[in-house]
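S.K.: To start, I am sharing the structure in question, which I have written as structure tokens.
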Amino acid sequence: MVYVLSCVKKEREAAQIDAAARDAVARVSDDYWEMKQLRTGEELRAYLDGKPLIHLIIYDVCGDGSLELLLELRKSYPQPRLLVVADVSISPMAYIRPELQVSALLLKPWTKQQLNDVLFDFVSEYAAYAESSRESGSGLYVVETRDGTISIPYDQIYFFEAREKKIYVCAGREAFGFYSTIDRLMEELPDGFVRCHRGFIVNTKKIRKVVLSQNIIYLSDGFDVPLSRSYKAALKGMGRT
């Protein structure tokens, strides 16, 4: 499953982009792609409050405050591929910036062929990247669920939890269950993931504060996980109080 966030202001343009993207997906991928369409900055902020899983972003930079909001979005989600929608009234210097990491550009007004070509290249590049990551085990953690294969960027994972005879990976408001063990996960995961409890592995990049007296690790965005005595040494110096 691939999660696509589309924030395009005009309904007609958003519908055209959605149709072109779905056509491209049908041509290059067997995965299910979920398209989330938003129109306004208020809708986007409300959606991001839930810390959703995002693989691809399609973003319209036209309009007051759009670039500033995109910069905020990129701070929280630096890894997803980004397709910028713009027109000639905006200088490319405004959005072709290192911190935005633009992967593709769609200029208004477009022809149907231009739209299809840009969306096909954007979608197929990610599909190839995801397939390569699955084979190499780098960049994405791959979960097999009954709903299909889900590739989760490591920087969007908060923690893994063992419960109900399964492992659950927490990626913001999304939690995906699969069959494995904590011990096996510790062998598979890259540096940056640390066991903090017999039933928890935490992403150290998400740690905000470690409170030894309470045996709790506070993570960014309001999440927390338990810390057991036997694993305190592994978290030494990470925001300890």
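The values are calculated or read from the model by the stated rules, or taken from the named source; none is laboratory data. Computed from a predicted model, the values in this text were never measured in an experiment. Methodologically, a virtual Cβ is constructed for each residue, glycine included, from the backbone with ideal geometry; neighbour enumeration extends over all protein chains shown.
S.K.: Restricting attention to the range 132-147, does a residue exist that is in contact with a Leu (Cβ under 8 Å, 6 or more places away or on another chain) and β-branched (Val, Ile, Thr)?
M.R.: No.
S.K.: Ok, one more. Looking at the range 62-94 only, could you name the residues that are more than 27 Å from residue 152 (Cβ to Cβ) and in contact (Cβ under 8 Å) with a residue 24 or more places away in the chain?
M.R.: Of everything in the range 62-94, those that are more than 27 Å from residue 152 (Cβ to Cβ) and in contact (Cβ under 8 Å) with a residue 24 or more places away in the chain turn out to be 62, 63, 65, 66, 67, 86, 87, 89, 90, 94.
S.K.: What about residue 154, is it buried (at least 19 other Cβ atoms within 10 Å of the Cβ) and touching a residue at least 12 places away in the same chain (Cβ under 8 Å)?
M.R.: Here the answer is no, as residue 154 does not meet what is asked.
S.K.: Find all pairs meeting these conditions: Cβ atoms under 7 angstrom apart; at least six residues apart or on different chains; first residue within the range 196-213 and surrounded by 14 or more Cβ atoms within 10 Å (Cβ to Cβ); second residue of a type in the set (D, E, K, R).
M.R.: Note: pairs meeting the criteria are 199/161; 199/163; 200/161; 201/195; 210/240; 212/232; 212/240.
S.K.: Which residue out of 4, 85 is among the aliphatic types (A, V, I, L, M), farther than 30 Å from residue 169 by Cα, within 20 Å of the chain's Cα centre (by Cα) and part of a strand (DSSP E or B)?
M.R.: Only one candidate passes the filter, namely 85.
S.K.: Can you report the number of residues in the range 86-95 which are farther than 19 Å from residue 17 by Cα and surrounded by fewer than 13 Cβ atoms within 10 Å (Cβ to Cβ)?
M.R.: Adding up the residues that qualify gives 3.
Residue-by-condition table, conditions (1) in a helix (DSSP H, G or I); (2) in contact with a Leu (Cβ under 7 Å, 6 or more places away or on another chain):
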| residue | (1), (2) |
| --- | --- |
| 9 | no, no |
| 22 | yes, no |
| 26 | yes, no |
| 58 | no, yes |
| 68 | yes, no |
| 78 | no, no |
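S.K.: Tell me which of these residue 132 doesn't satisfy, since it passes every other one: (1) among the small types (Gly, Ala, Ser); (2) surrounded by fewer than 13 Cβ atoms within 10 Å (Cβ to Cβ); (3) outside the structural domain of residue 67 (by TED's automatic domain parsing).
M.R.: All conditions pass for residue 132, except number (3).
S.K.: Any residue in the range 14-37 that is in the same structural domain as residue 59 (by TED's automatic domain parsing) sitting within a Cβ distance under 9 Å of a residue that is assigned to a strand (DSSP E or B) and exposed (fewer than 15 other Cβ atoms within 10 Å of the Cβ)? List the pairs, counting only those 6 or more apart or interchain.
M.R.: Partner pairs satisfying both residue conditions: 30/148; 31/148; 32/148.
S.K.: Also: Between 232, 165, which is over 23 Å from residue 146 (Cβ atoms) and modelled with pLDDT under 95?
M.R.: Exactly one of 232, 165 is over 23 Å from residue 146 (Cβ atoms) and modelled with pLDDT under 95, namely 232.
S.K.: Mind counting the residues in the range 1-35 that are within 20 Å of residue 150 (Cα to Cα) and surrounded by fewer than 14 Cβ atoms within 10 Å (Cβ to Cβ)?
M.R.: Looking only at that region, the number is 5.
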